[in-house]
Amino acid sequence: MNQLKNLFLLIISVGFLNSCYSFTGSSLTDEKTVQINEFPNNAALVNPTLSQQFSTDIQNRFLQRTTLKGTKQNPDILIEGEITDYSISPTTISSTTQQTTAGGTIQESQNKLTITVKVRYENKLHPDVSFEKTFSDEAVFNSNLSQSDIEASQVKLVTDRIINKIFNDIVANW
């Protein structure tokens with residue numbers, strides 16, 4: 001009988017705590033609609049698919065992981081910006097060498113992909129949390145990757161990290 005009483009108290013306590021705390025962690029409480037505009041690629045080096053892919057990915061992130069509904073008229077939240085940097089630069093030349101089939105020696109090296117995005121976030125219901133920030137991330141990869149390999153894997157990796165940072169700053173208010 002005593003165990004049954006303890007179990008009952010435990011269930012009541014968990015139910016009470018669950019009603020007091022939201023496990024979503026979202027700081028968006030009153031906001032219902034979001035408008036996410038296209039992010040044009042204004043970088044000196046232009047990846048032709050980056051603007052469309054980034055814009056689609058950030059829209060999907062907010063529409064799938066929040067209760068916000070997309071709109072084009074009078075949104076509670078407006079997210080817009082531009083891609084300001086897309087660069088690939090050499091980072092290291094290693095002492096590791098490879099032999100070629102012709103008998104030559106190739107020194108291995110790595111490159112770094114950097115993408116920078118400027119974001120303007122406007123919260124019309126809570127203007128004090130609105131911001132304009134620059135988000136950047138990078139990935140280091142072997143220089144023997146082709147351009148299509150870089151765009152398929154490294155660009156996706158970097159843009160996902162940037163979108164995570166933007167999402168966390170807006171939704172989790174971190």
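The values are calculated or read from the model by the stated rules, or taken from the named source; none is laboratory data. Worth saying up front: this structure is predicted, and the values here are computed from it rather than measured. Neighbour counts are summed over all protein chains in view; Cβ atoms, including those assigned to glycine, are modelled from backbone coordinates with ideal geometry.
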Quiz item: So, in segment 61-86, of the ones that are under 15 Å from Ala172 (Cα atoms) and charged (D, E, K, R), which residue ends up surrounded by the most Cβ atoms within 10 Å (Cβ to Cβ)?
Solution: Arg61
Exercise. Take Ile115 and decide whether it is at pLDDT below 95, among the β-branched types (Val, Ile, Thr) and either in contact with a Lys or Arg (Cβ under 9 Å, 6 or more places away or on another chain) or assigned to a strand (DSSP E or B) (or both).
Key: no
Quiz item: How many residues are within 30 Å of Leu28 (Cβ to Cβ) and either charged (D, E, K, R) or surrounded by fewer than 14 Cβ atoms within 10 Å (Cβ to Cβ) (or both) if we restrict to segment 135-156?
Solution: 3
Self-check item: Flag if Glu132 is at pLDDT 95 or above and not in a loop (DSSP other than H, G, I, E, B)
Solution: yes
Practice problem: Mind listing whichever residues of segment 28-55 are surrounded by 18 or more Cβ atoms within 10 Å (Cβ to Cβ) and in a strand (DSSP E or B)? | Solution: Val34, Gln35, Ile36, Asn41
